[in-house]
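The values are calculated or read from the model by the stated rules, or taken from the named source; none is laboratory data. Every value quoted in this text rests on a predicted model; they were computed, and no experiment measured them. For neighbour counting, all protein chains shown are included, and Cβ atoms are generated from backbone atoms with ideal geometry for every residue, glycine included.
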Amino acid sequence: MTAATQFQYKNEVLHAEDTSLLHLAKKFGTPLYVYSLQALKDAWKSYEEGMQGRDVLICYGMKANSNLAILNQFHKMGAGFDIVSGGELARVIAAGGEPSKVVFSGVGKQSWEIRDALEAGVKCFNVESEGELERISRIAYELGKTAPVSLRVNPDVDAKTHPYISTGLKENKFGIDIQHAKDVYLKALKLPNLKITGIDCHIGSQITELAPYKDALKKLIKLIKKLEGLGIKMQHIDLGGGLGIRYTNEQTLAPAQLLDMIFTTLDANNLGHLQLVLEPGRSLVGNAGVLLTRVEYIKSNEAKNFAVVDAAMNDLLRPTLYDAWHGIQTVIKHPESSKQETYDVVGPICESGDWLAKDRSLHIKPGDLLAVMSAGAYAFSMASQYNSRPRAAEVMVRGNKADVIRKRENIQGLFINEQTLD
């Protein structure tokens, strides 16, 4: 997925759609997360173009960004949701989403979460262990309900991505070993109050090649054929999410490329009747947001120049956690001939790992505004209050209008639920 086109310079000022980021910073303060509704719609449309009337359910991987306004917009567009916690299920319901279009993933589902999901009527549990399968069966029996289940199979496929976001290798904690999956399906067949509805895998995130998906699909098809021979029929196949976006110069895949490959392969194996479920997250929201931040200080030593800004690792953890690269743009565009220096863009948190970008050529001074690009995914959703820093506000832009979709936290709110001892 290429970078969103909804963040462009107009009259030398960076805009989100038709709204000046300079104006937003003045009105709402910094740090500030800014999202473009049109960019969300454009990303969704790229998946719709690949569907072409096929039986596809796109379940937005909401761990990327779970703001209610964003969930509600995707619901209106027709999305289901991929959840990994009871809290995420509650968010889907609060945003108007349909539980019948929810797939529940995650390796550590607690009893209360399973109970809530059964009561809500989710589409499917993506089961990741035999223990989980037994727990779902027991709770479904207690509630007098039938639990729809799909096994999340670990196909041992290298997604060729960062090891922290690789999920399909046998050394990863996710899924059931594909060599053992047949036996677990047979067990599911015998346990009470379960209904086998599908098969699932998720091999990783920020994937930019078709080959890993092809490898995983080939292994799943072989297993499906084996299960069919045992009388176990599938209704859907879930290939997870993971399509990468362009942070810098990555060559990314269009959703249509992935969908065409999947259906061509399914049709060739007489499995075109299966519903396809996909769980994209980053590719729907990643390039639909930026993090606005202001330069507080410029400092230098013999080794480095530092731009100390008011955003920090608690606002955007990816650079610290993954050594991730995010573009940095000045909100006011300077002439290309202007003198630039090389800076590390760092935050005020008391950690040497608190940085947003390293070795960037910038023409800046204290007080200038910067936009950290591609901050729609895994930015606010991974934010914290470390160093007792209130989390920033979130704003959604629609043309020349901007709405606060999450208020900025205040200092008193940091400890409202705490108390001292008598």
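Assorted remarks:
- The one condition in (1) at pLDDT below 95; (2) exposed (fewer than 15 other Cβ atoms within 10 Å of the Cβ) that Thr252 fails to fulfil: (2)
- Qualifying residue in segment 288-304 (condition: touching an Asp or Glu at 6+ places or on another chain (Cβ under 9 Å) and under 30 Å from Val157 (Cα atoms)): yes
- Test: Asn410 is assigned to a loop (DSSP other than H, G, I, E, B) and free of Cβ contacts under 8 Å to residues at least 12 places away in the same chain: no
- Listing of strands (runs of 3 or more DSSP E) fully contained in segment 175-293 that carry 2 or more residues being touching a residue at least 40 places away in the same chain (Cβ under 8 Å) and closer than 22 Å to Lys41 by Cα: 275-278
- For the residues Thr248, Thr265, the requirement of being of a type outside the set (A, V, I, L, M, F, W, C) and touching a Leu at 6+ places or on another chain (Cβ under 7 Å) singles out Thr265.
- Restricted to segment 377-404, and to residues there that are of a type in the set (A, V, I, L, M, F, W, C) and farther than 27 Å from Trp325 by Cβ, the residue that is surrounded by the fewest Cβ atoms within 10 Å (Cβ to Cβ) is Val404.
- Elements of type strands (runs of 3 or more DSSP E) contained in segment 82-165, each with 2 or more residues being among the polar types (S, T, N, Q): 147-154
- Candidates in segment 1-14 are the residues that are within 17 Å of Lys333 (Cα to Cα) and touching a residue at least 12 places away in the same chain (Cβ under 8 Å); of these, the one that is farthest from the chain's Cα centre (by Cα) is Glu12.
- Top-ranked residue of segment 15-67 - restricted to ones that are of a type in the set (A, V, I, L, M) and in a strand (DSSP E or B), ranked as farthest from the chain's Cα centre (by Cα): Ala16
- Only a single criterion out of (1) without any contact (Cβ under 8 Å) to a residue 40 or more places away in the chain; (2) touching a Pro at 6+ places or on another chain (Cβ under 9 Å); (3) not basic (Lys, Arg) is not satisfied by Ala393, namely (1).
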